[in-house]
Each structure stands twice: as C-alpha cells, then as structure tokens.
Amino acid sequence: MEDVSSRWGREDFVGRYSEELGALSPLNDPVFLRWAARYTRYAASPGTVLEQGRIWFDTDLRAVLPAIHVPTLLLHRPGFTGVSEEEMDYLRALIAGARVEATGGVDEQRFSGDPADVVGPMVRFADAIRSEEAQFDRVLATVLFTDIVDSTRVAAELGDRRWADLVQRHHAAVRAMLARYRGTEVDTAGDGFFATFDRPARGVKCAQAILEAVAPLGVQVRAGLHTGEVETIDGKVGGLAVVIGARVGALAGPSELLTSHTVKDLTAGSGLTFEDAGEHELKGVPDRWHLYRAVS
C-alpha cells in the first residue's frame, strides 16, 4: 500500500509487482512496461486504488460463498504463483458444485498469453449448462418483511374505522417506498408486507425509508432482511430464505431493522452502517444466526 501511494503508475512499480508475483511475463520488453504503466495510470488514481485495497482487505466474503447455488467455474493458472492450488480447493469447497479448471500461461492478467486458454473452458462450461438454464426457477434475492408493532393493541384503541384508515395510509407509504427502491411486493397480510429486491443495498435503504415514512402516522414498524436463494412455487416466492427473512423480521424491535450477516457482507463498501445484534435462534431454522442492526 505504501508503494501504491508513492509509485503507482510508474514502470518500476509495475516491474517489481510483476516480478514478485509472476503476474506479467514480458518484463524484458520496454514497450510493454511503458504500456502497462500507462494502463495503470488510466485505470485509477492512487487514492482510488488505496480505497479499493482497503475495502478488499477489510471484506470477508467466506460466509457469502455458500449462498452461491448457480453453476460456477473457477479458472486457475498453475503457473501464476500469486494463487495456490490450496486456495482454489478452498474456494471449490465453499461454493457448492463449483468446478476448477487449470489453464495455460503464467500471468495474472487474462489478456496475456493465448486467449484460447481462457475462452475455451468458458465456452465449454456455458454450453454444458445452456440446456439446463431454462429449467431453473431459483434465484438469489433479498427478502424484506415489515409489520406494525403492537398492531392488535393499536387497532383496539383506534376502533375499526380509524384502524382501517391507518392501515390504508400505512400501505400507501410502504408501497411508495417499494416503488422508489424498485422492490417487488409479494404479499400483504393485515398490516405486514413481504417484498423482494434484486440487490441487498436497495432492500436496506428501502426498509430504512419505510421506518421513517410511517413514523408520522403515529405507529412504529419493525423490519427484517435476508439475502438467499428463493424458489418460485406455483407462481409464489418461497423457500428457506423466505422463512429466515420472516424470522429475522419477527425479532426486530420498534423502528428497528435487523438483517442477517449475509446482507451485511454483501453490502460491504456501500456506505451502509451496521451494529452487532448478537446471535439468535430462528424458529424452524437450523443453527444459530448472527444478526445485525442497520443504522440510519
């Protein structure tokens, strides 16, 4: 990181980095070195690289990898010393069904060497799953559950007519936030909502916006988020990920948004802030789950 601060974009930096890792083979070609140094300067400033490095080194994605349930191909150049065989075996063990295929060459960058070494395995891999892809009905999604805290008590205090009016205004506020953050309403039961998002950061921001939007109505809402693989069953979204999301939401307190550790890990670098909410048992779900509180 110190080298990046002072030498990023210089030929001697590219040469030293490449020589130590075996990352680029044509180091004896001065034309290539000049091109590589210019390439790094055009790619990013030293400050951007340092920030990217900070996020990279501070982010632990091991807990996320088991959530990958799509065909996965890991390409590995045994001649590149920057990645070991043991690391590839470790990744394969964490990603269910992942395949590791060795390719030729010794460089880190795929554009060095014979392009067929990389393109060939990718084409074969894609062709092998093309016929299966149309049958898949499982996708990775972020599920959101919300409901009004102490709704029974509030309904009793307000009476049927005022409670119905409150629920109507609550639903309008929630649906407005879902539209703003591109969420998909899946189901509504009484005063609760079940929605999905294609990105976890959108789900977090939408849930936070919902908590704020309903506050002027004089009620408090709890919310829970989880990211996992969901199934489409008879046109409805279901699966274990949905159960986990509902259980996380049920543990939240008034005006509180709880998320699973998967949501927290997948939003690293997005600027969202989380507080540790401890480990919990989720009814009907195996193991104990580490939850986090999303802070506005």
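Values in this text are rule-based calculations from the coordinates and carry no lab data. Please read these numbers as outputs of a predicted model, since none were measured by experiment. With ideal geometry, Cβ positions are generated from the backbone for all residues, glycine too; neighbour counts draw on all protein chains shown.
How far apart, in nanometres, would the label points at Arg34 and His171 be if each is projected 7 angstrom from Cα along the Cα-to-Cβ direction?
7.0
For the range 193-296, which trypsin sites (Lys or Arg not before Pro) are in a loop by DSSP, counting at most 10 other Cβ atoms within 10 Å?
Sparse-neighbourhood loop trypsin sites (Lys or Arg not before Pro): Lys283.
So if I take the centroid of the Cα atoms in the range 259-296 and the same for the range 36-66, what is the distance between those two points in Å?
24
What FRET efficiency, computed as 1/(1 + (r/R0)^6) with R0 = 22 Å and r the Cβ-Cβ distance, is obtained for Ser5 and Ser84, rounded to the nearest 0.05?
0.20
For Val139, which sequence-distant residues (separation of 5 or more, or a different chain) have an amide H within less than 5 Å of its own amide H, given hydrogens modelled in the peptide plane?
Counting only residues 5 or more places away or on other chains, the set is Val230.
Pop a pseudo-label 7 angstrom from the Cα along the beta-carbon direction at both Glu212 and Ala102 and give the gap in nm to one decimal.
Placing both labels 7 Å along Cα→Cβ, they lie 5.5 nm apart.
With loop defined by DSSP as not H, G, I, E or B, and exposure as at most 13 other Cβ atoms within 10 Å, which is the longest segment of the chain clear of exposed chymotrypsin sites (Phe, Trp or Tyr not before Pro)?
It works out to 137-296.
Starting from the 7 Å offset along Cα-to-Cβ, what nm value, one decimal, do you get for the label separation of Arg54 and Asp117?
About 3.6 nm separates the two model spin labels.
What residues qualify as long-range amide H neighbours of Val100, i.e. H under 5 Å apart, gap of 5 or more or another chain, H built at 1.01 Å from N?
Here the answer is Leu74, since their amide H atoms fall under 5 Å of that of Val100.
Does anyone have the angle between helix 200-214 and the longest principal axis of the chain? Alpha-carbon axes, 0 to 90°, nearest 10?
30
Per residue of the range 48-61, what does 6.51 cos²θ - 1.76 cosθ + 1.60 with θ = phi - 60° give for ³J(HN,Hα)? Whole Hz please, x for Gly and Pro, Karplus curve as stated.
Karplus-based 3J(HN,Hα) across the range 48-61 equals 5, 5, 5, 5, 4, x, 4, 4, 4, 6, 8, 9, 10, 9 Hz.
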